[in-house]
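The structure under discussion appears below in the form of structure tokens.
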Amino acid sequence: MKDATTTTQLDVEAIKQDFPLLSKGFHGESIVYLDSAASSQRPTCVIDTMSGYYNYSHANVHRGVYKLAEEADRLYENARMAAGRFIGAPDPAREIVFTKNATEAINLIAYSWGMHRLHEGDVVVVTEIDHHANLVPWIMLHEARGVELRVIPMRDDYLLDLDNLEETVDGAKLVACTLMSNVLGTIPPFRKIADAAHNAGAIVVADGAQLVPHAHVDVQELGCDFLAFSGHKMLGPTGIGVLWGKADLLDSMPPFMGGGGMILDVKFEGIVPAEIPTRFEAGTPPIAEAVGLTAAIEYLDKIGMDNIIRHDTELTAYTIESLKETFGGDITIMGPDTTENRGGVISLALKDIHPHDLAQVLDESNVCIRAGHHCAKPLMRRLGTSATARASFYLYNDTSDTDRLIEALAKAASIFG
Amino acid sequence: MSTSGLEDLYREIILDHYRNPRNRGSMDVPPSQRIEAYNPLCGDEVVVYLLENNGVLEDIKIEGQGCSISQSSASLMSAAVKGKTTEEARKIISDFKKLMSIHESRMEDTKDIDSGNANNSVDSDDTAADGINENEIGSADDAQMDVDLDAMGELAALQGVVRFPVRIKCAILAWNALAEGLDEIEVSADHPGTSK
């Protein structure tokens, strides 16, 4: 991330105008959307680009020789280049694989790399703050292959405990870690973990679902071998995810799913897989979604990722301050008590009000927060709870949203007083 | 119904049962039956202990944790069925289902989820987005009209839940456990008069 002095303030009022739900309301009522960590809204330009594609440019990719099909090909491959440039990929044309979502991207690694490279007793390292998408595929390898799982624990201050990092990654074949917790907002020191993992001879998987939409992420600066992220959390459409992998690693991997598009030749005796990245894109890919993702990336680039993370950080600091000021000892924030290394996600508890009840009362004021385990059950267990209430921010939120959140929380406090 | 759905949902009786749950605790198994119900979508959990003797629910205890609706509903249920015959308890369950505007088939559907065997959306990040939707409870008011609210006593306080479809699952959690417990009692007791 660049120095904050080089960033500019977001014009949130103008940004809201790009999102009809936020400027015109939900069924005509103004809405406070604080659930972008689950899925963001998307600007009109993304939707217009996709409908423009469907109206005038659609054909299947990698098939046709006519001009229309060439146009669809060009748009799809442009998306690959845009996604690659967005995360600093050295060779986007070969290293970017489109998937259904970040979860599928991680599963692709687990199945294609993991199932062939990992054997009984091999070590995979995960963290206690990761969500199911970056845990379950590895736990499944543990179950299917007898792979040993080691866990980097969380400290009581909601940061990763890296005191025994070298010992934990010693002998590991793969280390998987999030770039930002979807529950706590914690941004772990990824480079430090990646360096330790590489020293131990392991490859490193970064789950970028939460951070890539909010900050400048560069795979070469991170030092990861794989990076997964989703379109729908970064103003893009649902149904598209991105896997970046180092070309030599991807090239060494067998196909994940079989079907059309991923092969060079098929005989009943066997197949010849295609080159990367199409080797990993069986069947008709999410073409319109890729086109929409390009538009989302262009929108984010125009705003500036450094401006977005600064905005998130400032709004998070304001919100935590306001929560403490208003509710004092009645509010518990489950996340780092700092604005450094912390994203715009706030898990909170108000008195002993159940998160489900809290979300319900907030909904009455059209404040959308998430209540649940956030697909992070091991972390919930560590926190000693079954669910948390979570507010998360993006570029279209501002302090007026925080103020309405606090007003609605006060109402909940009075009902359950 | 009142104009504010929220006040209708969080009525004083419900909040009272949430804050001061009745029949809280556990019993030895056996002689009692122990049934767990769990909603993986939001983490609500209810454990029901039933002590039946000669077709009468002599005692009932509730353990568990969760939101105000799941826990108050369990407490209200325990108060409603304690000391009743199993047949009376079945009638109360049936009336409660009507109050929740759940037809028999729906109750079965949600039961699958509670026993953790649902094959869809178990791991959804949503609190409870699947399952019952507005269309399926379209006849809510009709179904509710069949219920004698006066005869239901305090249970009637839960009628506001129907306006919040995702919370119906919370409200019926304990009731699914009770129904399962009654089934177990029938099977193990082998009472000749209870088979239909």
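The values are calculated or read from the model by the stated rules, or taken from the named source; none is laboratory data. On a predicted model such as this, the values are computed, not experimentally measured, just so you know. Note: ideal-geometry Cβ built from the backbone for every residue, glycine included; neighbour counts use all protein chains shown. Side chains are part of the model used for accessible areas, which takes the heavy atoms of the whole protein and leaves out ligands, DNA and RNA. Shrake-Rupley method; radii C 1.70, N 1.55, O 1.52, S 1.80 Å.
Miscellaneous remarks
- Meets criteria (closer than 26 Å to B:Glu12 by Cα, open to solvent by less than 30 Å² (accessible area, probe 1.4 Å) and more than 8 Å from chain B (Cβ to nearest Cβ)) for A:Leu395: no
- Of the set (1) touching a strand residue (DSSP E or B) at 6+ places or on another chain (Cβ under 6 Å); (2) at pLDDT 95 or above; (3) over 20 Å from A:Val212 (Cβ atoms); (4) within 14 Å of another protein chain (Cβ to nearest Cβ), all apply to A:Ala387 but (2).
- Residues in region A:398-408 that are open to solvent by less than 20 Å² (accessible area, probe 1.4 Å) and either of a type in the set (D, E, K, R) or touching a strand residue (DSSP E or B) at 6+ places or on another chain (Cβ under 6 Å) (or both) were compared, and the one that is farthest from the other protein chains (Cβ to nearest Cβ) is A:Asp401.
- The set of residues from region A:132-166 being in contact (Cβ under 8 Å) with a residue 24 or more places away in the chain, in contact with a strand residue (DSSP E or B) (Cβ under 8 Å, 6 or more places away or on another chain) and in a helix (DSSP H, G or I) comprises A:Ala133, A:Asn134, A:Trp138, A:Leu141, A:Leu165.
- Positions within region A:308-357 being part of a loop (DSSP other than H, G, I, E, B) and basic (Lys, Arg), in sequence order: A:Lys351
- The condition (being open to solvent by less than 50 Å² (accessible area, probe 1.4 Å) and closer than 23 Å to A:Val217 by Cα) is satisfied by just one residue among A:Asp122, A:Asp73, A:Asp35: A:Asp35.
- For region A:346-359, filtering for residues that are touching a helix residue (DSSP H, G or I) at 6+ places or on another chain (Cβ under 8 Å), buried (at least 24 other Cβ atoms within 10 Å of the Cβ) and within 13 Å of another protein chain (Cβ to nearest Cβ) leaves 4.
- Residues (within 7 Å of chain B (Cβ to nearest Cβ) and either more than 17 Å from A:Ala412 (Cα to Cα) or open to solvent by less than 10 Å² (accessible area, probe 1.4 Å) (or both)) located in region A:360-384: A:Val361, A:Ala371, A:Gly372, A:His373, A:His374, A:Cys375
Each row is one residue, and each column tells you yes or no for (1) in contact with an Asp or Glu (Cβ under 6 Å, 6 or more places away or on another chain); (2) at pLDDT 95 or above.
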| residue | (1), (2) |
| --- | --- |
| A:Ile320 | no, yes |
| A:Thr332 | no, yes |
| A:Thr339 | no, no |
| A:Cys368 | yes, yes |
| A:Cys375 | yes, no |
| A:Arg381 | no, no |
| A:Asn397 | no, yes |
| A:Ser400 | no, yes |
| A:Ala408 | no, yes |
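- Scan of region A:256-304 for residues that are over 13 Å from A:His62 (Cβ atoms) and open to solvent by less than 20 Å² (accessible area, probe 1.4 Å), ordered by number: A:Ile276, A:Phe280, A:Ala288, A:Val291, A:Gly292, A:Leu293, A:Ala295, A:Ala296, A:Ile297, A:Tyr299, A:Leu300, A:Gly304
- Hits in region B:144-155 (condition: surrounded by 20 or more Cβ atoms within 10 Å (Cβ to Cβ) and not in a loop (DSSP other than H, G, I, E, B)): B:Leu155
- Of the numbered criteria (1) touching a strand residue (DSSP E or B) at 6+ places or on another chain (Cβ under 7 Å); (2) open to solvent by 10 Å² or more (accessible area, probe 1.4 Å); (3) within 23 Å of A:Ser414 (Cβ to Cβ), the one A:Thr319 fails is (2).
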